[in-house]
Amino acid sequence: MRLARRVALGSAALTLVVVAAFGALAYVGFVRQQDASMRRLLDEDLGRLAALLERPVLGASFVDPAVPGYGVQIVSPDGATVLSWGITTQLPLVAPAAIRVLEGRRALVGSTAWRDGGATIRVAHDVEDALATRSALLRSLWTGGVVAGAIALWLAGTVARRALRPLERVAADARRIDPSAPGAIAYAGGDDELRVVTDALNETLAAIRERSDREHAFLLEVAHELAGPLTLVHYHLGSARRERPDDVSLRVAAEAAEELLRTSQDLLVVARGEDARPLEMSIVALRDVLQRVVRAYPGVVLEADERGDVVADADRLAQVFRNLVRNGVQAAGRANGVRVTLEARDDEHVVRVADDGPGLDAEARTAVFERGYRRGEGSGVGLSIAKDLVERHGGRIEALAEAGPGAVFEVRLPSLATRLATPAPGGAS
């Protein structure tokens with residue numbers, strides 16, 4: 001449940017509790033006051049009647065004809081009604097006074113002793129209208145409570161939405177932050193709790209940015225330190241290999257130096273931020289790119305009958321397939337354990353790089369494209385770069401679940417016809 005709704009419901013519930021409490025207190029106070037008033041009047045009538053019977057006054061009346069529902073009876077000790085005014089049913093002996101139903105209506109009945117012989121004076125006051133007033137008051141309180149609750153819910157919802165609107169803007173700004181270069185979040189509100197949260201978030205983002213800058217600087221320094229000597233080693237090993245082509249040790253050393261050199265180049269790409277630089281697009285034949293990559297790995301099989309024309313950055317696309325082929329050679333342990341196929345279609349072209357290595361489980365097929373994930377040898381950088389470049393070319397890459405041994409990486413790129421009919425991807429320029 002959203003915070004604004006929780007705040008609104010909480011405020012409305014609190015309002016209902018307060019209204020219900022005040023309503024209950026008002027109703028209880030009214031009932032008590034009304035009961036006290038009716039009992040006081042009844043006691044006054046009983047006292048007046050007892051005094052009137054003891055000292056009769058000429059012309060005095062036991063009952064007021066103008067007051068309906070008023071009854072008086074004098075009952076003998078043996079329970080016989082001696083005198084009765086205003087009511088035909090014998091009144092019960094009730095002490096203290098209590099409400100009884102008489103002749104279909106509710107009445108407050110009370111009694112008092114008269115003389116020492118055991119006779120009683122009994123009085124009944126009709127309270128039907130008074131009790132109806134109570135019911136009306138209770139209904140009014142309930143109705144008022146419901147209306148007050150509805151108004152409170154609406155007001156609380158409106159106030160909560162307005163109060164939390166700056167928080168939603170901060171959240172939207174936070175979602176737009178580039179993880180590779182996190183910037184500060186602007187907050188135009190006052191000195192409130194949200195500003196405290198925003199300032200704390202900006203402090204965290206600044207710390208992340210500073211640490212990221214340090215890591216990139218360190219990575220760039222390491223990559224540069226590696227690239228220089230590795231280039232020299234690779235050059236001399238290549239020269240020695242050409243002079244002694246049958247020397248297995250030289251071949252293995254030269255291939256290892258070449259892999260290390262390309263790994264250092266991947267690290268340089270990441271450290272310089274070149275993986276996000278604009279693509280230099282042109283019409284490229286996928287078959288030519290794949291042949292260029294495969295030539296660097298003698299033994300890798302290429303099956304490509306069609307050109308497979310696409311709109312792409314040829315060098316960056318070669319980087320993608322070089323990383324995939326190199327990954328396959330490392331997994332298989334040999335170049336002839338890797339097969340590259342190109343399937344040209346009308347809407348898209350599909351390139352598959354398959355190896356007969358140990359393969360990937362379900363978890364690895366997802367994690368293999370995350371930066372830092374290592375599959376055997378390698379830096380854990382190449383496949384993440386490949387995924388980013390493929391997506392910037394408007395395509396997609398995935399590791400397939402195959403029944404047989406080994407792993408299969410599939411790259412799908414829009415064909416030239418498709419790209420000419422649609423806008424260029426955001427990363428292109």
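Each value in this text was obtained by applying a stated rule to the coordinates, not by laboratory testing. Predicted model, so just to flag it, every value in this text is computed and none were measured. With ideal geometry, Cβ positions are generated from the backbone for all residues, glycine too; neighbour counts draw on all protein chains shown.
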Euclidean distance of C-alpha centroids, region 123-193 and region 280-305, integer Å: 65 Å
Could you tell me the relative contact order of region 3-149? Use alpha-carbon pairs under 8 Å, at least six residues apart, and round to a whole percent. 26 percent
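Run the numbers for ARG175 and ARG214: contour at 0.36 nm per residue of separation, minus the present Cα-Cα distance, in nm. Don't skip to the end; give the middle numbers.
Details: separation 39, 0.36 × 39 = 14.04 nm, distance 2.38 nm.
Here the segment from ARG175 to ARG214 would lengthen by 11.7 nm.
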FRET efficiency for THR366 and ALA21 from the Cβ-Cβ distance with R0 = 60 Å, rounded to 0.05, comes out at 0.60
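How high is the FRET efficiency from ASP199 to TYR235, r the C-beta distance, R0 60 Å, rounded to 0.05?
With R0 = 60 Å, the Cβ-Cβ based efficiency is 0.65.
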Please compute, for the alpha-carbon atoms of region 3-149, the extent along each of the three principal axes and give them in descending order in Å. 77, 27, 27
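Of the peptides 208-221, 9-22, how do they stack up when ordered by the mean number of other Cβ atoms within 10 Å, highest first?
Values: 208-221: 12.6, 9-22: 14.7.
Top of the packing list down: 9-22, 208-221.
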Simple label model, 7 Å out from Cα along Cβ direction - ALA253 to THR143, nm: 10.1 nm
From zero up to wherever the largest Cα-Cα distance of the chain sits, split into 20 Å bins and tell me the percent of pairs in each. 17, 26, 15, 11, 12, 13, 4, 0
